[in-house]
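The values are calculated or read from the model by the stated rules, or taken from the named source; none is laboratory data. Remember, it's a predicted structure, so these values are computed and weren't measured experimentally. Neighbour counts run over all protein chains shown; Cβ positions are idealised from the backbone, glycine included. Please note that ligands, DNA and RNA were not included when accessible areas were found on the heavy atoms of the full protein model with its side chains. Shrake-Rupley method; radii C 1.70, N 1.55, O 1.52, S 1.80 Å.
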Amino acid sequence: MKEVNLMKLKTILFITSFVPVIFFKVVARVGDATLAQAKVATVVGLILAGIQFILSKRFVKHTTYLEKTFLGFLGFGTVWVYLTPVPVSSLFVDHSTTLLYFALFLTTFIPQLFGYDPFTYAIAKQMTSEAVWNTPHFRTINLHLTYFWSAIFFVNFLSSWLGHGKPLFSILIPLIIILGIGLPVVRIYPKYYLKRQFTSQPIDLSLIPNTAKELIMRMPMGFHSEAARDLKAEIQFDLSGEGGVKGVLSISEGKCSFREGDSSSPTLTIYSPADVWLKIARQEINRAQALMDGLYRVEGDMNLLLKMGDLFRPPTKAMEEDLTQKGEKKMRILAIQGSPRPKVSNTEILLQEFLKGARSQGAETETVYLKEKEIHSCTGCYTCWAKTPGICVFEDDMPELLEKVKGCDTLIYATPLYNYNMTSLLKAFQERLLPLLDPHLIKMGEIYRHPQRYKMNRKMVLISTCGFPEASHFDGLRHVFRHIERSGQTPLVGELLMPGGELLKQHGMKGSVQGVLQTAYRAGIEVIREGKVSKETEMEIQKSLVPPDALAEMANLWWDSHLEGITEGKPVQGKVEDMRLLLRGMAAAFNPLAAGDLKATIQFEVTGKQTGDWFLSVESGKCTYHEGKVTSPNLTVTTPSEVWLAITNKEMDGQQAFMEGKYTATGDMSLLMRMKTLFGSQTS
Ligand SMILES: Cc1cc2nc3c(=O)[nH]c(=O)nc-3n(C[C@H](O)[C@H](O)[C@H](O)COP(=O)(O)O)c2cc1C
């Protein structure tokens, strides 16, 4: 039978279910009715109720509590009037109304106590679509309304009983209560209940997209992974009409993504006109109420539909700001800087270049300098695991940092290498991540580990610089991070490990350093675009900028210059202050391609504060640095150390200084002209 016809039939049967009782009441009580007449009325009423019962069973395969009650009441009445002596049998006729109210009270009060459907179910089912019948809210509303009817029938029973014989009490007052209170409450209560249950936070209407398609596409942005827990589901949307979409929200492992098309096995399917879904999003209509009213329909797991309010938050300004120009979710990068000298840190130079690259791809970055934070070291009390799960006893800066960690997509650990490992600042920070873990030992794959307390989908990148020229110094640190990767279920998607990190700040090495910075920048781009840093980029960073011998010699010259007091006090950031170091650096930064097959010697006769003779020898694509004088140099530069250092540090213009005679050059002047290309930015 067609659904519409069935509904019509059910409505007709609902109305006709009252006929037997009304017939009985009218015939048994009309005029000066005799007992014999009342007996006949009871039987005829019973027969009518029986017919009604059979018709319902036959055509709608279902009988309502009202039909059962009326049938039972008339059946019971028939037995009463026929089988009991006259004075008793007339009692049924005299008190039939009171008894009927009592029968209705029992019908509305008893069944649900024994696990049967409440009284109003059948009627409510006729008014709502099948999809909502299994929802907890449908059941609760019906229970509330059923007990409400119990109260009404009980009051009517009392009214009829106490005011016996007076139509005011047996008919008028009960009718007023049923029509004036009962029916309006039945209409209003479900709406009121659903409104209270689904009170949503106020929304900013300007942030609601103009089409339902955009709305669904953006839902993953408002996805609340903690509410989802282990939920794995596919929500299929079939939104028809203008601005509609056929698409799937896929929820798994605390993540939600959208794709256009169909799901092969949706957990829930929502069929709705696109404008209805937009109105729901704008809170112009209540989602649950709209379903009850048949404005849209669903198939599948109804509880998932009701949970959607918890799973997806309405768009906020912050979310909007979280979108790249392409409408994709911005990647949030949190960098933890573990150098104790963050403002003059080599690692910082690499880190910031990496972050610039990531930002160029729309990422949002934040750097936390651990040196500036108060982070108590972990005392191993395990309070954060046992007594106050997830909360540490120390109220320092760490709780705030834990929130930042929880909210980021990529965590960058930036640390200088200290004793083949991370710095103690970073170590203290990592130890204090303990509240993010659950204490239990769970076997995942081949190893046991502590599961994450909170759902997360973080990646991590390690950035480090060390002083020595050998990349092998990082072996220990890498090993530690491999363990962190495995045990923390956080993929390590990049390692930027630069040996000879002090060169990053050597002004004289600017040319070569530029290449490293570009590589770090590229790594930042790769992490956003490809999800990881490529092996080529990682290898590039690990390449020594200058040969290990040169680095060692430069380092030694630097230390010597400080030990000898050539550079006084604190070294100035990025400044070359020692002639020997400068000339050694020039040799290290020598560009063999620019030199070709050049064979030459350049003598430096240095006067002033750092008096001395040094020369650079170029041959077979190599440049070497020497102390002393060479015989017959191709070019001789005679300069006070302050002048040549000032030119190198860009405090003085080289050409102008030459014109002004601040230094002199004799011999092959074309060599002086080529110096810039031969030695990068060592001389300007
Ligand atoms: C206490 C201490 C320990 C260090 N241990 C190492 C080491 O084991 N291996 C290494 O190559 N460099 C080591 N270094 C040098 C630093 O790793 C290097 O200078 C780094 O670039 C400094 O980074 P920053 O400027 O970001 O702080 C150490 C430096 C200090 C102060």
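Structural remarks
- Among the candidates GLU372, GLU395, GLU446, GLU364, the residue that is of a type in the set (Asp, Glu), within 16 Å of the ligand (Cβ to nearest atom) and open to solvent by 30 Å² or more (accessible area, probe 1.4 Å) is uniquely GLU372.
- Members of region 424-443 that are more than 15 Å from the ligand (Cβ to nearest atom), open to solvent by 60 Å² or more (accessible area, probe 1.4 Å) and out of contact with any Cys (no Cβ under 7 Å at 6 or more places or on another chain): HIS440, LEU441, ILE442, LYS443
- When GLY380 is tested against (1) closer than 24 Å to LEU441 by Cβ; (2) at pLDDT below 95, only condition (2) is not met.
- Leading residue by the ranking (farthest from the ligand (Cβ to nearest atom)) among those in region 460-498 that are more than 19 Å from ARG529 (Cα to Cα) and under 23 Å from the mean Cα position of the chain (by Cα): GLN489
- Meets criteria (in contact with a strand residue (DSSP E or B) (Cβ under 7 Å, 6 or more places away or on another chain) and over 30 Å from SER90 (Cα atoms)) for ILE208: no
- Residues of region 597-614 satisfying the condition of being open to solvent by less than 30 Å² (accessible area, probe 1.4 Å) and in a strand (DSSP E or B): ALA600, THR601, ILE602, GLN603, PHE604, VAL606, GLY612, TRP614
- So VAL81, is it open to solvent by 80 Å² or more (accessible area, probe 1.4 Å), in contact (Cβ under 8 Å) with a residue 40 or more places away in the chain and touching a helix residue (DSSP H, G or I) at 6+ places or on another chain (Cβ under 8 Å): no
- Restricting region 514-537 to residues that are within 16 Å of the ligand (Cβ to nearest atom) and crowded, with 21+ Cβ neighbours inside 10 Å, the residue that is farthest from TYR454 (Cα to Cα): VAL516
- Restricting the first member to region 340-353 and to residues that are touching a residue at least 24 places away in the same chain (Cβ under 8 Å) and more than 7 Å from the ligand (Cβ to nearest atom), and the second to residues that are hydroxyl-bearing (Ser, Thr, Tyr) and part of a helix (DSSP H, G or I), the beta-carbon pairs closer than 9 Å and six or more apart or on different chains are GLU353/THR519; GLU353/TYR521.
- Only one of the numbered conditions (1) open to solvent by less than 70 Å² (accessible area, probe 1.4 Å); (2) in a helix (DSSP H, G or I); (3) hydrophobic (A, V, I, L, M, F, W, C) is not met by MET673, and that is (1).
- Filtering region 461-482 for residues that are open to solvent by 10 Å² or more (accessible area, probe 1.4 Å), in contact with a Phe, Trp or Tyr (Cβ under 8 Å, 6 or more places away or on another chain) and among the aliphatic types (A, V, I, L, M) leaves an empty set.
- Screening the candidates LEU582, LEU635, LEU598, LEU616 for the property of being within 60 Å of the chain's Cα centre (by Cα) and at pLDDT 90 or above yields one hit, LEU616.
- When LEU351 is tested against (1) touching a Leu at 6+ places or on another chain (Cβ under 7 Å); (2) under 19 Å from MET460 (Cβ atoms); (3) of a type outside the set (Ser, Thr, Tyr); (4) in a helix (DSSP H, G or I), just one condition goes unmet, and that condition is (1).
- Any hit, region 412-423, residues being away from the ligand (no atom under 13 Å from the Cβ) and either over 21 Å from the mean Cα position of the chain (by Cα) or crowded, with 18+ Cβ neighbours inside 10 Å (or both): yes
- Strands (runs of 3 or more DSSP E) wholly inside region 364-471 containing at least 2 residues that are hydroxyl-bearing (Ser, Thr, Tyr): 364-369, 410-416, 459-465
- Unique residue being more than 23 Å from GLY467 (Cβ to Cβ) and open to solvent by 60 Å² or more (accessible area, probe 1.4 Å) when the list is ALA386, ALA358: ALA386
- Residues that are open to solvent by less than 30 Å² (accessible area, probe 1.4 Å), assigned to a helix (DSSP H, G or I) and not small (Gly, Ala, Ser) within region 490-506 comprise LEU503, LEU504, listed in sequence order.
Per-residue answers, yes or no, for (1) among the small types (Gly, Ala, Ser); (2) in a helix (DSSP H, G or I):
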| residue | (1), (2) |
| --- | --- |
| ILE173 | no, yes |
| GLY180 | yes, yes |
| VAL185 | no, yes |
| LYS191 | no, yes |
| LEU239 | no, no |
